[in-house]
Amino acid sequence: MSIEARGLSKRYGEKTAVEELTFTVRPGTVTGFLGPNGAGKSTTMRLILGLDRPTAGTVTVAGRPYAAHRAPLREVGALLEARSTHGGRSAYKHLLGLALTHGIPRSRVDEVIEAVGLTGVAKKRVGGFSLGMGQRLGIAAALLADPATVILDEPVNGLDPEGVRWIRNLLKSLAAEGRTVFVSSHLMSEMALTAEQLIIIGRGRLLADTTVHDFVRSAGRDEISLRSPEAARLRDLLAGPGITVTSDDAPDSLRVNGLGAEAIGRTAAEHGIPLFELTPHRVSLEDAFMELTRDAVEHHAAAPVPHHQEVAA
């Protein structure tokens, strides 16, 4: 039930939104879809769901284009825009309409409403929902037909911490059931906790298709910070091929790359050098992402605007 893109491209006039994307999203794992604003993530998801036609290339779900499935909702559940529901309908009526037009039992409507935590507001009009409640309703619609593939675009927008954790656990449980889970997000910390695979694009092009672990590991070696009253002596002892030791702001502080905390501690102990601090600083997913995509960001923020200060007369 994988999603497969092959040479996928989409142009709008002279603007190329997606260019020759080739990737596979496999079942049984949560795959994060990352990229800066304007990278082409939403366009790619629209192409997967047949909402836009590719200029070139193909994209299939379970071996077929989305529109070629006899019951697409049973194959793919998707959330692209939480505010796309008619504001005058209740959450229950919205889901019931989807269910009746796709041969889904009424009982399933109650199941998904309870699953996403909307039981208390199911009969209220959607127009009065907060963004977080709208996200929950959109996820309920995506899960309504019990699909084998789930595609969610920024599902944690507007959710409180409890809701974010709920989404995280939901995605992991769906993948554990063998489903294909493809989710975009700008929250790198959340992707680090949720996703196992990553597809990263920038300016419409594929930048990385790898695991979270391998991506972070390839971004650079971990750094160790330490403090010692004999920092200068320890610096000379730690120096060696592939090892970088730099002085920090304080005279008793060092930063070490290329050597683990255990090896540093052992060297210090062998030479009777006291250590006041020995702290590893691991490369984060956010650090690795920023490094990879720094040339693919369309709009870079300038330095902060200084506060206006009134000049006394």
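Just to be sure I understand the filter: pairs with C-beta atoms under 8 Å, separated by 6 or more residues or on different chains, first member in the stretch 35-51 and without any contact (Cβ under 8 Å) to a residue 60 or more places away in the chain and on the phi > 0 side of the Ramachandran plot, second member crowded, with 20+ Cβ neighbours inside 10 Å and among the aromatic types (Phe, Trp, Tyr). Which pairs pass?
These pairs meet every condition: GLY50/TYR66.
Quick one: HIS86 ticks every box in (1) part of a loop (DSSP other than H, G, I, E, B); (2) under 30 Å from ALA5 (Cβ atoms) bar one, so which box is it?
In the conditions (1) part of a loop (DSSP other than H, G, I, E, B); (2) under 30 Å from ALA5 (Cβ atoms), HIS86 misses (2) alone.
How many residues are among the charged types (D, E, K, R), part of a helix (DSSP H, G or I) and closer than 20 Å to VAL25 by Cβ when one looks only at the stretch 147-190?
So the answer is 3.
Which pairs turn up if I take residues in the stretch 80-105 that are free of Cβ contacts under 8 Å to residues at least 24 places away in the same chain and look for partners that are hydrophobic (A, V, I, L, M, F, W, C) with beta carbon separation below 6 Å, at least 6 apart in sequence or on another chain?
LEU96/VAL109
How many of the residues making up the stretch 53-64 are buried (at least 16 other Cβ atoms within 10 Å of the Cβ), at pLDDT 95 or above and not in a strand (DSSP E or B)?
Final tally of qualifying residues: 1.
Quick check on VAL212: is it in contact with a helix residue (DSSP H, G or I) (Cβ under 7 Å, 6 or more places away or on another chain) and within 30 Å of GLY158 (Cα to Cα)?
Spelling it out, VAL212 is indeed in contact with a helix residue (DSSP H, G or I) (Cβ under 7 Å, 6 or more places away or on another chain) and within 30 Å of GLY158 (Cα to Cα).
Yes or no, residue by residue, for (1) assigned by TED's automatic domain parsing to the domain that holds VAL18; (2) within 30 Å of the chain's Cα centre (by Cα); (3) farther than 30 Å from GLY57 by Cβ:
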| site | (1), (2), (3) |
| --- | --- |
| LEU207 | yes, yes, no |
| HIS213 | yes, yes, no |
| GLY258 | no, yes, yes |
| LEU275 | no, no, yes |
| ASP287 | no, yes, yes |
| GLU291 | no, yes, no |
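Would you confirm whether or not the stretch 155-168 contains a residue that is touching a helix residue (DSSP H, G or I) at 6+ places or on another chain (Cβ under 6 Å) and more than 22 Å from MET191 (Cβ to Cβ)?
For the stretch 155-168, residues touching a helix residue (DSSP H, G or I) at 6+ places or on another chain (Cβ under 6 Å) and more than 22 Å from MET191 (Cβ to Cβ): absent.
I'd like to check something: does the stretch 139-160 contain any residue that is on the phi < 0 side of the Ramachandran plot, surrounded by fewer than 18 Cβ atoms within 10 Å (Cβ to Cβ) and not small (Gly, Ala, Ser)?
Yes, the stretch 139-160 contains at least one residue that is on the phi < 0 side of the Ramachandran plot, surrounded by fewer than 18 Cβ atoms within 10 Å (Cβ to Cβ) and not small (Gly, Ala, Ser).
Within the stretch 196-216, which residues are in contact with a Gly (Cβ under 9 Å, 6 or more places away or on another chain) and not in a strand (DSSP E or B)?
Those that are in contact with a Gly (Cβ under 9 Å, 6 or more places away or on another chain) and not in a strand (DSSP E or B): GLU196, ARG203, GLY204, VAL212.
Taking the condition at pLDDT below 90, exposed (fewer than 11 other Cβ atoms within 10 Å of the Cβ) and among the aliphatic types (A, V, I, L, M), does VAL283 pass?
Judged against the criteria, VAL283 is not a match.
Could you please tell me which pairs satisfy a Cβ distance under 7 Å, a separation of 6+ or placement on different chains, a first residue in the stretch 146-175 that is within 15 Å of ALA78 (Cα to Cα) and in contact (Cβ under 8 Å) with a residue 12 or more places away in the chain, and a second residue that is of a type in the set (Lys, Arg) and surrounded by fewer than 18 Cβ atoms within 10 Å (Cβ to Cβ)?
Pairs that qualify, where the first residue is within 15 Å of ALA78 (Cα to Cα) and in contact (Cβ under 8 Å) with a residue 12 or more places away in the chain and the partner is of a type in the set (Lys, Arg) and surrounded by fewer than 18 Cβ atoms within 10 Å (Cβ to Cβ), are PRO147/ARG74.
With respect to GLU154, determine if the residue is modelled with pLDDT of 95 or more, within 15 Å of the chain's Cα centre (by Cα) and either among the charged types (D, E, K, R) or not assigned by TED's automatic domain parsing to the domain that holds SER90 (or both).
Judged against the criteria, GLU154 is not a match.
Considering every residue within the stretch 172-181, establish whether at least one is buried (at least 18 other Cβ atoms within 10 Å of the Cβ), in the same structural domain as ILE48 (by TED's automatic domain parsing) and at pLDDT below 95.
no
The values are calculated or read from the model by the stated rules, or taken from the named source; none is laboratory data. Small disclaimer: the values here were computed from a predicted structure and weren't measured. All Cβ positions, even for glycine, are placed from backbone atoms using ideal geometry, and neighbour counts span all protein chains on display.
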